[in-house]
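Comments concern the structure below.
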């Protein structure tokens, strides 16, 4: 597991805990929960840019390269999709949708790390 | 209106895409995407290794896509499609889960439903049960009854 994974682990867990908490407190999605999901997307962008730089620098991906990039693309689609879905109907349940992003992103980042090394 | 929705006392309509249903649809959506990607990858790269398992993967992906779309749509027809999709999903996870325990040669643990979805935190086993509960609570006859009551 590299630094990129740990960055996503931390932002993902924080985002999930914040969104779960807001949902349990019966709050609708607000700036804090939406920004926590945006932070997960930012962490994925860091992973994306870092990975592109490493590939250009000549570092090989141990597993299937297109599987890695497939995971990356899918993971990066999740936060915007969840934010879109959650602001269409602003209830506490939308915060649980947002909470799912963080854990999903960290599971996918773990898989991406496995493919890379 | 916002408070009504937040506390779950919004008027009952013939839809499944509201309140907790939105979380259910979101989780179904994630499974639809991941199962499709996985099945596509398996079939394109190593189909001959375990054709039965990979065809099952593709079938599971189709069921998840159908469940996601039908749950998001309003109306009685889509309700019926949802019930069918979720029942097939439940049967699939139970049958494939059982077979994967009994016959690990034919079912080499490579579908979403293998070992009752253990590779996915048993969510594949939980999802159809929650889906059926939600479909029952939002069944069209309940929506019609609530509307009739509101019209009185």
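Derivation of every value follows stated rules applied to the coordinates shown; laboratory data play no part. On a predicted model such as this, the values are computed, not experimentally measured, just so you know. With ideal geometry, Cβ positions are generated from the backbone for all residues, glycine too; neighbour counts draw on all protein chains shown.
Show that you can apply the helix-only estimate: for the protein assembly as shown, add -39,500 (n - 2.57) for every DSSP H stretch of four or more residues, divide by all residues, and state [θ] at 222 nm to the nearest 500. Provide the component values of the computation, followed by the final result.
On the way: 10 runs with 205 residues, N = 269.
Helix-only estimate at 222 nm: -26500 deg cm²/dmol.
In whole Å, how far is the Cα centre of the stretch B:77-129 from that of the stretch A:65-95?
Value for the Cα centre distance between the two parts: 24 Å.
How many partner chain Cβ atoms sit within 10 Å of a residue's Cβ in peptide B:16-22, on average, as a whole number?
4
Relative to the longest principal axis of chain A, what angle (0 to 90°, nearest 10) does the C-alpha long axis of helix A:65-88 take?
The helix A:65-88 is inclined about 10 degrees to chain A.
Partner chain Cβ atoms within 10 Å, averaged over the residues of A:94-105 - can you pull that number for me? Working shown, then result.
On the way: counts 4, 1, 6, 7, 2, 1, 5, 2, 0, 1, 4, 0.
Mean shielding count: 3.
Expressed in nm to one decimal, what extension gain is obtained for the pair residue B:118 and residue B:46 from 0.36 nm per residue of sequence separation less their Cα-Cα distance?
On the way: separation 72, 0.36 × 72 = 25.92 nm, distance 2.23 nm.
The span from residue B:118 to residue B:46 would gain 23.7 nm if fully extended.
For A:108, A:1, what ranking results if the residue with the fewest other Cβ atoms within 10 Å of its Cβ goes first? Walk me through the numbers before you get to the answer.
Working: A:108 20, A:1 11.
Result, fewest neighbours first: A:1, A:108.
Just to confirm the number: angle between the C-alpha axis of helix B:123-137 and the first principal axis of chain B, 0 to 90 degrees, nearest 10?
20 degrees
Just check the stretch B:83-152 against the gyration tensor rule for me: Cα atoms, a ≥ b ≥ c as the square roots of the eigenvalues, rounded for a/c under 1.5, and otherwise prolate or oblate depending on whether a/b exceeds b/c.
prolate
Would you tell me the mean number of C-beta atoms belonging to other protein chains that fall within 10 Å of each C-beta in A:76-86, as a whole number?
2
Would you please give the FRET efficiency between residue A:110 and residue B:141, computed as 1/(1 + (r/R0)^6) with r the Cβ-Cβ distance and R0 = 45 Å, to the nearest 0.05?
Computed FRET efficiency for residue A:110 and residue B:141: 0.50.
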